[in-house]
Amino acid sequence: MTRTAFRTCPLCEAVCGLELTLDDDDKVIKVRGDKNDPFSKGFICPKGASFGRLDNDPDKLAAPLVRGGEAGWEEAFEAAGHGLRRIIDTYGKDAVAIYLGNPSAHSVAGSLYGSLLIKGIGTKNFYSASTADQMPKHVSAGYMLGDPLAIAVPDLDRASYLLMLGANPLESNGSLCSAPDFPGRLKELRRRGGRLVVVDPRRTRTAELADRHVPLRPGADAWFLFSIVHTLFAEGLTRLRHEVDGLEQLRELAGEFSPEATEQITGVPAQAVREIARELAAAEPAVVYGRIGTCTQEFGTLATWLIDALNVLTGNLDRPGGAMFPKAAHSVGRRSRPYRTGRWHSRVRGLPEVNGELPVATLAEEIETEGEGQIKALITVGGNPVLSAPNGDRIGRALENLEFMVSVDPYVNETTRHADVVLPPPPHTRTPHYDVALLAFTVRNYARYSPPAADRGDRPSESEIMARLVGELTGADPRDVDEFVIQTTLKKAGREDLRAELGPPSAETRLDMMLRLGPYGLTLAETVGGIDLGPLQPRLAEVLVLERIDLCPEPFAKDVERLRAARPADGFVLIGRRHLRSNNSWMHNIPELVGGSNTCTLRLNPADAERLGVGAGDTVRVTSRAGEVEAQAEPNDEIMPGVVSLPHGWGHSRPGTRTRVAAEHAGVSVNTLTDEQEIDVLSGNAVFNGVPVRLERVG
Ligand SMILES: Nc1nc2c(c(=O)[nH]1)N[C@H]1C(S)=C(S)[C@@H](COP(=O)(O)OP(=O)(O)OC[C@H]3O[C@@H](n4cnc5c(=O)[nH]c(N)nc54)[C@H](O)[C@@H]3O)O[C@H]1N2
Ligand SMILES: Nc1nc2c(c(=O)[nH]1)N[C@H]1C(S)=C(S)[C@@H](COP(=O)(O)OP(=O)(O)OC[C@H]3O[C@@H](n4cnc5c(=O)[nH]c(N)nc54)[C@H](O)[C@@H]3O)O[C@H]1N2
Ligand code: SF4
Ligand SMILES: [Mo]
């Protein structure tokens, strides 16, 4: 006998609904798109289709590990608690660092217990994948609007012009813009007469689909965007619809960045800049959107700010078809204090705190450098910084010097192999799902809770694992953790009356409470199967914390001095790339997803290859300040001359890992080459694009 269960796919930001067929042993034997999900309507990609294979992966841990050997849960929790408390007692709270990886942004456990764990320890050493990803977006929203979470998304389904920089949703399925079937939505935009312009050093599949592809020198976005701002002012094309501060300052700053002045730097002809500026100003409505390419570079925050500023200048912020603020069903009011960064600084490099975090680019030196506040223990939750962070090799070496390490992770991989205790969450079928983080960035207002599709037996859920860790560190009974949060939240909302309607304390009850307190007054049960809450509505007044939009925040204006003095590197520069069948570092263990075109090759322009005497399949040594790797060359004219590309998340040949399929398709880690000493100064974000490298044919 088989049965059917429905749930949200947890693997990327597109939040597609899945229809699972399970056998008598609760094994997933078939996966399809959930046709009845009102948002994804049956869309699914190859990763979602391999959900069953991932769920049943024999290399996933079924029991905790203590120093490499299988242990019972009680023993593992005690070992974790004992080890962490010993570090805190000996060296103080800051000696324990936490790293939250990308899957914790998808999980209920990461979203609801991550901050409790940080507070429970009381450490300043909090790190996450956010500083290898979207931190510039938070800083831009924080300083322009007052709330770092007020990130506007492109209203894809109603835009008639989309200027997209540094994103490749045909492979990634989109980011900070949750849109199931992003590719279909782009095709639909063009079918209704809209235009798509893609700015990318590579002619990606997304660029192939576009009306215009603008190849741009990596890292040059801020210059390019400034020249568009310049043109809007010069040609009288601005059209403000909101009250703003800083308009004149922005005009002044843009003065020197004429299209002629920037074309040598960006490689984009002045005429193309003018055409794009005019199209953007004329389109009704239009939107500018940037993602990984514009965030993970030396001027990530400036580029992100200029994107946000362009949406304001062209009258497209908070307007249907423009850049809009989703209204999440679980959102709980707006922030009151204006935003600032640098409330504390990292110990070794003095880097400012941003959103309560320190940059992952400084993690290794905080572990290595002796003195008061040195990191002696690390907790990772769903993260693999050895492969995902800049100069990850250095992090790998640093982890060997820790006195204690705990990982909440289903796999023993390049990072978790260093852990003294590994606490594996149950498979996704056994895990409830609600996208606390991602449902705030959807292109339609939408909510969906997925109950577990199968019973997890006596394994603790990931939420219970996290609550137990909080308990070990605070001395609280883990069962009290949820009740405490419920009580304080209800009290703050003045809704103590609601307690009687809620269930016993648990992660699910907390979600139910958040939904009931939210703007639609839903219950958790009402969102099972997915609920469409309509197209995005203008709501700037609800999200704006500052009195007016600040078009030219002072820290940004100051950073323009750095831009003025800088030039993108000469010689070869490295950029990243994603493949539809990869997911950062952790899905190369699924046989159906690796191989074919999903390989770790060095793409370079055929003219460069010829100059270097390199043919397809030849081995090329790539060297940067941080390290060197050898990779097979793949000449390909989609990539600009002078630019080479390696995908991230590979490099599975390290000893001590337990991912057998990945080891057979090891590849090399691009983050052996990326440089932890280079960051986007304003956000602390890692620089993965525009990394200077030397190339050499081997043999
Ligand atoms: N299949 C798959 N899907 C994923 C992931 C995955 O690993 N695989 N990861 C998920 C995650 S965590 C995220 S954050 C999202 C990211 O989603 P996207 O932002 O769409 O990520 P990428 O596909 O890396 O696209 C970045 C693009 O930026 C270009 N680029 C590089 N440097 C520059 C530059 O200096 N300027 C400009 N303008 N462009 C540049 C690259 O060539 C690339 O095409 O994807 C998510 N979805
Ligand atoms: N060069 C370069 N580097 C990059 C990028 C790039 O474009 N170029 N992209 C960056 C981006 S956008 C991101 S988000 C980061 C990602 O950086 P990380 O989050 O550090 O890395 P991931 O590869 O996503 O690792 C996910 C880990 O979570 C585990 N895991 C999977 N599911 C679960 C779960 O349900 N619960 C728990 N507890 N663990 C789980 C996996 O086994 C794995 O160990 O990488 C960044 N690194
Ligand atoms: S697009 Fe993302 S959410 Fe949708 S099925 Fe694929 S991996 Fe899952
Ligand atoms: Mo990411």
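Numerical summary
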| quantity | calculated |
| --- | --- |
| Qualifying positions in region 590-610 - within 12 Å of Ile639 (Cα to Cα) and in contact with a strand residue (DSSP E or B) (Cβ under 6 Å, 6 or more places away or on another chain) | Leu602, Arg603, Leu604, Asn605, Pro606, Ala609 |
| Failed condition for Leu176, given (1) within 14 Å of ligand 4 (Cβ to nearest atom); (2) surrounded by 24 or more Cβ atoms within 10 Å (Cβ to Cβ); (3) under 21 Å from Asp550 (Cβ atoms) | (2) |
| Residue match in region 352-367 (condition: in contact with a Phe, Trp or Tyr (Cβ under 6 Å, 6 or more places away or on another chain) and either closer than 24 Å to Leu540 by Cβ or of a type in the set (Asp, Glu) (or both)) | yes |
| Residue within region 175-189 that is without any contact (Cβ under 8 Å) to a residue 24 or more places away in the chain, more than 16 Å from ligand 3 (Cβ to nearest atom) and not in a loop (DSSP other than H, G, I, E, B) present | no |
| Index of the failed condition, Gly110 passing every other in (1) part of a helix (DSSP H, G or I); (2) more than 29 Å from Phe43 (Cβ to Cβ) | (2) |
| In region 11-26, residue farthest from ligand 1 (Cβ to nearest atom) [restricted to those that are farther than 16 Å from Gly529 by Cα and surrounded by fewer than 16 Cβ atoms within 10 Å (Cβ to Cβ)] | Asp24 |
| Hits in region 314-335 - residues which are surrounded by fewer than 23 Cβ atoms within 10 Å (Cβ to Cβ) and in contact with a strand residue (DSSP E or B) (Cβ under 6 Å, 6 or more places away or on another chain) | Lys327 |
| Flag if Val614 is closer than 23 Å to Glu676 by Cβ, touching a residue at least 24 places away in the same chain (Cβ under 8 Å) and surrounded by 18 or more Cβ atoms within 10 Å (Cβ to Cβ) | no |
| Residue in region 401-410 that is out of contact with any Asp or Glu (no Cβ under 7 Å at 6 or more places or on another chain), touching a residue at least 40 places away in the same chain (Cβ under 8 Å), of a type in the set (A, V, I, L, M) and surrounded by fewer than 24 Cβ atoms within 10 Å (Cβ to Cβ) present | no |
| Residue within region 256-277 that is without any contact (Cβ under 8 Å) to a residue 24 or more places away in the chain, on the phi > 0 side of the Ramachandran plot and part of a loop (DSSP other than H, G, I, E, B) present | no |
| Only listed residue being buried (at least 24 other Cβ atoms within 10 Å of the Cβ) and either within 16 Å of ligand 3 (Cβ to nearest atom) or more than 21 Å from the chain's Cα centre (by Cα) (or both), chosen from Arg417, Arg448 | Arg448 |
| Residue under evaluation Met587, criteria (1) away from ligand 1 (no atom under 16 Å from the Cβ); (2) out of contact with any strand residue (DSSP E or B) (no Cβ under 8 Å at 6 or more places or on another chain), criterion not met | (1) |
| All strands (runs of 3 or more DSSP E) inside region 574-655 with 1 or more residues being within 23 Å of the chain's Cα centre (by Cα) and within 15 Å of ligand 2 (Cβ to nearest atom) | 643-645 |
| Exclusive hit being surrounded by fewer than 17 Cβ atoms within 10 Å (Cβ to Cβ), more than 25 Å from the chain's Cα centre (by Cα) and closer than 26 Å to Pro148 by Cβ, set Glu501, Glu496, Glu547 | Glu547 |
| Strands (runs of 3 or more DSSP E) completely within region 327-431 that count 2 or more residues being under 24 Å from Ala666 (Cα atoms) | 377-381, 404-408 |
| When residues of region 143-192 are limited to those that are out of contact with any strand residue (DSSP E or B) (no Cβ under 8 Å at 6 or more places or on another chain) and of a type in the set (Asp, Glu), the one nearest to ligand 2 (Cβ to nearest atom) | Glu171 |
| Flag for Val436 being under 21 Å from the mean Cα position of the chain (by Cα), assigned to a helix (DSSP H, G or I), modelled with pLDDT of 95 or more and hydrophobic (A, V, I, L, M, F, W, C) | no |
| Any hit, region 531-543, residues being over 26 Å from the mean Cα position of the chain (by Cα), under 30 Å from Met144 (Cα atoms) and free of Cβ contacts under 8 Å to residues at least 60 places away in the same chain | yes |
| Those residues of region 688-699 which are touching a strand residue (DSSP E or B) at 6+ places or on another chain (Cβ under 6 Å) and within 12 Å of ligand 2 (Cβ to nearest atom), in sequence order | Asn689, Gly690, Val691 |
| In region 282-296, residue nearest to Ser160 (Cα to Cα) [restricted to those that are away from ligand 2 (no atom under 16 Å from the Cβ) and crowded, with 23+ Cβ neighbours inside 10 Å] | Ala286 |
| Residue in region 245-262 that is crowded, with 16+ Cβ neighbours inside 10 Å and touching a strand residue (DSSP E or B) at 6+ places or on another chain (Cβ under 7 Å) present | yes |
| Filter result for the condition that a residue is crowded, with 24+ Cβ neighbours inside 10 Å, acidic (Asp, Glu) and under 24 Å from the mean Cα position of the chain (by Cα), over Asp680, Asp675 | Asp680 |
| Members of region 297-317 that are within 16 Å of ligand 2 (Cβ to nearest atom) and out of contact with any Phe, Trp or Tyr (no Cβ under 9 Å at 6 or more places or on another chain) | Glu298, Gly300, Thr304 |
| Counted residues, region 129-164 - those being more than 28 Å from Arg191 (Cβ to Cβ), under 20 Å from the mean Cα position of the chain (by Cα) and of a type in the set (Gly, Ala, Ser) | 7 |
| Selection within region 58-116 - among the aromatic types (Phe, Trp, Tyr) and within 16 Å of ligand 2 (Cβ to nearest atom) | Trp73, Phe77, Tyr99, Tyr113 |
| Verdict on Ala141 being at negative phi, within 16 Å of ligand 3 (Cβ to nearest atom), assigned to a helix (DSSP H, G or I) and at pLDDT 95 or above | no |
| Residues of region 191-228 classified as surrounded by fewer than 24 Cβ atoms within 10 Å (Cβ to Cβ), among the acidic types (Asp, Glu) and closer than 21 Å to Gly322 by Cα, total | 1 |
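Residue-by-condition table, conditions (1) assigned to a helix (DSSP H, G or I); (2) among the hydrophobic types (A, V, I, L, M, F, W, C); (3) within 16 Å of ligand 4 (Cβ to nearest atom):
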| site | (1), (2), (3) |
| --- | --- |
| Ala105 | yes, yes, yes |
| Leu116 | yes, yes, no |
| Thr123 | no, no, no |
| Asp147 | no, no, no |
| Asp157 | no, no, no |
| Leu163 | no, yes, no |
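The values are calculated or read from the model by the stated rules, or taken from the named source; none is laboratory data. Everything quoted here is computed from the prediction, not taken from an experiment. Note that we place each Cβ from the backbone using ideal geometry, even for glycine, and neighbour counts take in every protein chain shown.
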